[in-house]
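Engineer: Can you keep this structure in mind? I'll have questions shortly.
The values are calculated or read from the model by the stated rules, or taken from the named source; none is laboratory data. Please read all numbers here as calculations on a predicted model, not as lab measurements. No Cβ is skipped: glycine too gets one built from the backbone with ideal geometry, and neighbour counts run over all protein chains shown. Quick note on the areas: whole protein, heavy atoms, side chains included, nothing else; ligands and nucleic acids left out. Shrake-Rupley method; radii C 1.70, N 1.55, O 1.52, S 1.80 Å.
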Amino acid sequence: MIRTLAETPPLPQPVAPHVLEPGTDPARPPLLLLHGTGGDEHDLIPLGRFVAPGATLISPRGAVLEHGMPRFFRRLAEGVFDEDDLRRRTDDLAGFVQEVQRRHGLAAPVALGFSNGANIAASLLLRHPALLRGAVLLRAMVPFRTAPAARLHGTPVLLLSGAADPIVPADNSARLAAMLGDAGAAVTHRTLPTGHGLAQMDVNLAREWIAGLAGEAA
Ligand code: MLT
């Protein structure tokens with residue numbers, strides 16, 4: 001049974017503020033929404049409602065501030081990650097997800113992350129292989145120089161890259177697809193005729209793919 005936030009005591013907050021929107025369709029896995037740099041816990045809620053109608057939405061705000069902009073982990077430069085911080089924040093996020101699941105009786109969520117949020121979702125897959133039901137990674141890049149020794153046992157992953165993405169070069173997203181595939185994920189990688197920002201194709205493909213996971217028509 002899904003309870004509202006008002007009925008439960010506040011969570012310990014390894015990942016501080018968040019939105020939890022109870023779903024109406026128990027057949028739908030919950031959706032874990034992970035925003036990009038400068039976003040917050042509200043950003044992806046409309047997208048989540050559209051791509052997974054009726055699903056419970058779990059949407060934390062990244063706990064790191066970069067010049068006032070929330071992110072999920074620290075970086076040293078554009079595309080150069082503080083991997084120690086990434087490991088720590090990934091484990092905090094995994095703890096947060098497990099606590100939300102426990103308190104609300106939720107199944108394993110599908111992560112949907114954009115940019116920085118997609119990068120920590122990739123890290124979640126590699127560091128906590130049993131946590132997620134699947135993942136939609138929008139404009140993700142390789143999170144670790146050396147992949148952790150993870151076994152994913154067929155976890156489905158949809159990786160959507162932009163052919164003209166100035167932040168994620170094509171060889172980087174190809175390496176991420178290979179890294180996840182080598183770890184045992186069932187990766188679908190599509191490169192769309194767009195840049196780093198999201199396009200309507202992302203939305204349509206994510207919706208179809210998530211509907212396929214739930215065994216429903218889009
Ligand atoms: C990151 O830092 O996660 C990536 O460079 C994407 C971004 O947030 O710009």
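Engineer: Please specify each residue of segment 21-55 satisfying the condition of being over 28 Å from MET141 (Cβ atoms) and of a type outside the set (D, E, K, R).
Structural biologist: PRO22, GLY23, THR24, PRO26, ALA27, PRO53, GLY54
Engineer: A further question follows. Please count how many residues of segment 161-195 are within 16 Å of the ligand (Cβ to nearest atom), part of a loop (DSSP other than H, G, I, E, B) and either at pLDDT below 95 or buried (at least 21 other Cβ atoms within 10 Å of the Cβ) (or both).
Structural biologist: Total satisfying the criteria: 1.
Engineer: Another question about this same structure. Within 14 Å of the ligand (Cβ to nearest atom), in contact (Cβ under 8 Å) with a residue 24 or more places away in the chain and assigned to a strand (DSSP E or B): which single residue out of LEU137, LEU158 fits that description? Let's see the steps before the verdict.
Structural biologist: Working: LEU158 fails: within 14 Å of the ligand (Cβ to nearest atom).
Only one candidate qualifies: LEU137.
Engineer: Moving on to the next point. When residues of segment 103-124 are filtered for being within 15 Å of the ligand (Cβ to nearest atom) and either aliphatic (A, V, I, L, M) or touching an Asp or Glu at 6+ places or on another chain (Cβ under 6 Å) (or both), how many remain?
Structural biologist: Residues flagged as within 15 Å of the ligand (Cβ to nearest atom) and either aliphatic (A, V, I, L, M) or touching an Asp or Glu at 6+ places or on another chain (Cβ under 6 Å) (or both) within segment 103-124 amount to 6.
Engineer: Can you pull out every residue in segment 36-53 that is within 16 Å of the ligand (Cβ to nearest atom), open to solvent by 40 Å² or more (accessible area, probe 1.4 Å) and not charged (D, E, K, R)?
Structural biologist: Within segment 36-53, THR37, GLY38 qualify.
Engineer: Would you check if there is a residue in segment 111-128 being more than 23 Å from LEU198 (Cα to Cα), out of contact with any helix residue (DSSP H, G or I) (no Cβ under 7 Å at 6 or more places or on another chain) and either free of Cβ contacts under 8 Å to residues at least 40 places away in the same chain or charged (D, E, K, R) (or both)? Quick ask: steps written out before the conclusion?
Structural biologist: So the first thing to find is which residues in segment 111-128 are more than 23 Å from LEU198 (Cα to Cα), and the list is 126-128.
Filter again for out of contact with any helix residue (DSSP H, G or I) (no Cβ under 7 Å at 6 or more places or on another chain), leaving 126.
Filter once more, so that each one left must be either free of Cβ contacts under 8 Å to residues at least 40 places away in the same chain or charged (D, E, K, R) (or both): none.
No: segment 111-128 contains no residue that is more than 23 Å from LEU198 (Cα to Cα), out of contact with any helix residue (DSSP H, G or I) (no Cβ under 7 Å at 6 or more places or on another chain) and either free of Cβ contacts under 8 Å to residues at least 40 places away in the same chain or charged (D, E, K, R) (or both).
Engineer: State which residue is surrounded by the most Cβ atoms within 10 Å (Cβ to Cβ) when the search covers only segment 73-91 and only residues that are under 19 Å from GLN101 (Cβ atoms) and within 14 Å of the ligand (Cβ to nearest atom).
Structural biologist: Within segment 73-91, the subset under 19 Å from GLN101 (Cβ atoms) is 89-91.
Now restrict to residues that are within 14 Å of the ligand (Cβ to nearest atom): 89-90.
Working: ARG89: 22, THR90: 26.
Residue satisfying both the conditions and the ranking: THR90.
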